[in-house]
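The values are calculated or read from the model by the stated rules, or taken from the named source; none is laboratory data. Predicted model only: the values in this text are computed from it and were never measured. Here the Cβ is made from the backbone with ideal geometry for all residues, glycine too, and neighbour counts use every protein chain on show. In case anyone asks, the SASA skips ligands and DNA or RNA and just uses the protein heavy atoms, side chains included. Shrake-Rupley method; radii C 1.70, N 1.55, O 1.52, S 1.80 Å.
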Amino acid sequence: MTTNPYESFTAYWEAGWRGILPLPYGKKGYPPEGFTGYAGADPSYADCQAWSEEGPRNIALRMPDGSVGIDVDHYDGKTGGDTLGGLVAKFGALPPTAYSSSRGDGISGIRCYRVPPGTTLPTKLPGIEFIQHHHRYTVAWPSIHPNGGIYHWIDERTGEML
C-alpha cells in the first residue's frame, strides 16, 4: 500500500479519467479551487504530477459529463439503501456496476454509470446524492477514509474488490 494515495493518479489517467483531484490525506474534502462546480476545469497531467509530489493526498474523481455517481448512504440512521430499493421497485433495476466505498456493508458507496451528455439530475434524495460533473466528486481507491478505512472499487455483481 502506498503512503501517498494520490501517486495512483496515473492509473486513473491511463483509464481515461481527467478530473483527478487531490484531497488532504485521510479527508473527504476539499479539492483545490477552480476544479469543481459548473465553471471547474479538469487538471492537466502536469498539475496531477505536481500534486503527487507535494506529499500524501487522497484522490477525488470529478465525474465527466456523460457520467453520474449514485452515492448511497445506508448507515448511522441514513436510509439510502431503502430509497434505492424503492426506486428500483418503481423503475426497474440498474445494471450492475463498480462502486467506490470504504464500508463493507454491500450497500453504501458511489455507483458509477454513463448517462447522456448534458444530463442534470436532482442532487439529493433521502440517503442518496447524485454525483455529477457540476456537483461533488467521488473519493476513490486507494484513499484513506477519515475513520481509517481504505476506499476500494467493488464489483457489484460479485462483491469482490477490484
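A few points about this structure:
- Residues (open to solvent by 30 Å² or more (accessible area, probe 1.4 Å), in contact (Cβ under 8 Å) with a residue 40 or more places away in the chain and in a loop (DSSP other than H, G, I, E, B)) located in the stretch 107-134: V115, P116, P117, G118, T119, L121, P126, H133, H134
- Every residue from the stretch 2-29 that is assigned to a loop (DSSP other than H, G, I, E, B), open to solvent by 50 Å² or more (accessible area, probe 1.4 Å) and either farther than 23 Å from T120 by Cβ or modelled with pLDDT under 95 (or both): T3, A15, Y25, K27, K28
- Every pair of residues 6+ apart whose Cβ atoms lie under 7 Å, when the first sits in the stretch 147-162 and is in contact (Cβ under 8 Å) with a residue 40 or more places away in the chain and in a loop (DSSP other than H, G, I, E, B) while the second is surrounded by 13 or more Cβ atoms within 10 Å (Cβ to Cβ) and among the β-branched types (V, I, T): Y151/V139; E156/T97; L162/I154
- Within the stretch 1-48, tally of residues that are of a type in the set (A, V, I, L, M, F, W, C) and touching a helix residue (DSSP H, G or I) at 6+ places or on another chain (Cβ under 6 Å): 3
- If you go through the stretch 109-132 and keep only what is modelled with pLDDT of 95 or more, within 15 Å of the chain's Cα centre (by Cα) and either on the phi < 0 side of the Ramachandran plot or among the acidic types (D, E) (or both), you end up with I110, R111, C112, Y113, R114, I128, E129, F130, I131, Q132.
- Within the set G149, G159, the sole residue that is open to solvent by less than 60 Å² (accessible area, probe 1.4 Å) and more than 24 Å from P24 (Cβ to Cβ) turns out to be G159.
- Taking residues in the stretch 19-40 that are free of Cβ contacts under 8 Å to residues at least 40 places away in the same chain, and partners anywhere that are among the basic types (K, R), the pairs with Cβ atoms closer than 6 Å and at least 6 places apart or on different chains are P22/R57.
- Residue tally, condition open to solvent by 30 Å² or more (accessible area, probe 1.4 Å) and either outside any loop (DSSP other than H, G, I, E, B) or under 16 Å from V139 (Cα atoms) (or both), over the stretch 68-82: 2
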